[in-house]
1. Could you check segment 225-280 and list, in sequence order, the residues that are under 14 Å from Y123 (Cβ atoms), among the polar types (S, T, N, Q) and either without any contact (Cβ under 8 Å) to a residue 40 or more places away in the chain or in contact with a helix residue (DSSP H, G or I) (Cβ under 9 Å, 6 or more places away or on another chain) (or both)?
2. Scanning for something modelled with pLDDT of 85 or more and either assigned to a loop (DSSP other than H, G, I, E, B) or open to solvent by less than 60 Å² (accessible area, probe 1.4 Å) (or both), does segment 26-44 turn up at least one residue?
3. Consider P48 carefully, then state whether it is touching a Pro at 6+ places or on another chain (Cβ under 9 Å), part of a strand (DSSP E or B) and open to solvent by less than 90 Å² (accessible area, probe 1.4 Å).
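The values are calculated or read from the model by the stated rules, or taken from the named source; none is laboratory data. This is a predicted model, so every value here is computed, not measured. Virtual Cβ from ideal backbone geometry, glycine too; neighbours counted across all protein chains shown. Heads up: the accessible areas ignore ligands, DNA and RNA and are worked out on the full protein's heavy atoms, side chains in. Shrake-Rupley method; radii C 1.70, N 1.55, O 1.52, S 1.80 Å.
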Amino acid sequence: MVTLHSALQHSGEPHVPAARGTAAGKICVVVAFAVFATGCTTTITYTPRVNKDAPQTLKYTNGVGVLSEKDETREVFAYPRFKAQQPTEPTFTIGYANNTAGAVDFSTDNVKAYFRGAPVQIYTYNERVAEIQSEKQAKQVALAILGGLAAGAAAYGASRQTYRSNYSGYVAGRRGVSSFAGSNTVRVYDPVSGILAGAAVGGATVLGIRQIEYNAQNQEQSANAILQLNTVEPLQMVTGDLILKNCCDPYPSPNDVIRLEVTASDKTSVFEFVRTPVRR
């Protein structure tokens, strides 16, 4: 008498070299860490501080404080572009009204910025757009490389499936009952599955590259708000954004202050904003 037990098992694990499995694992760990790291963020608020040595006024609009200074030749004002901002590269809006009888040129060259008493660069429009384009290209190239590796790994794994058959049983003979067991392994190559899996990952990579392009276009649209060179005619006004370059560190200290010195119509106005962290 023979009793036989058999089970057919399919191993979903691709037969790939160990080195590739290790690299994939590292990528997953990095992605998981990045997702985890974004869970807790610190934003910054910039509170206007009136300069008591100048005829400044402070007025609030929807919770945003606007510092302004006005005389017979010009009016200048400044305020944080957003209520809460990221720790680095804060943005402020500057406005200038020409009350003189002649035209006046006004641009980022008319503004100096300081953080903790040290000078800080201010983005020009061209600098910001060039940086956006550079970052976009670097991200797209990196994604294309990673996407190509992932597509290759997916195609390899999907086209090479392993099936394992386990068997066991008992045999009754003249000398009693004896048992036996074993297994058979079959590896199947399916190129169509590999092509489909590789195409799926490749398609996702293309979508990712398009999303990076879309994000860069949005950033360039935002860059249009940066203060550029304007000839301000009498009784006319111009406004624009100032983005502080390579500023500031993500660890606010007590009494941190952003100082903006705006020179127009041969006069300089000083605007100060106190930096305060807001943890979420």
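1. Q228
2. Taking every residue of segment 26-44 in turn, at least one turns out to be modelled with pLDDT of 85 or more and either assigned to a loop (DSSP other than H, G, I, E, B) or open to solvent by less than 60 Å² (accessible area, probe 1.4 Å) (or both).
3. So P48 passes the test.
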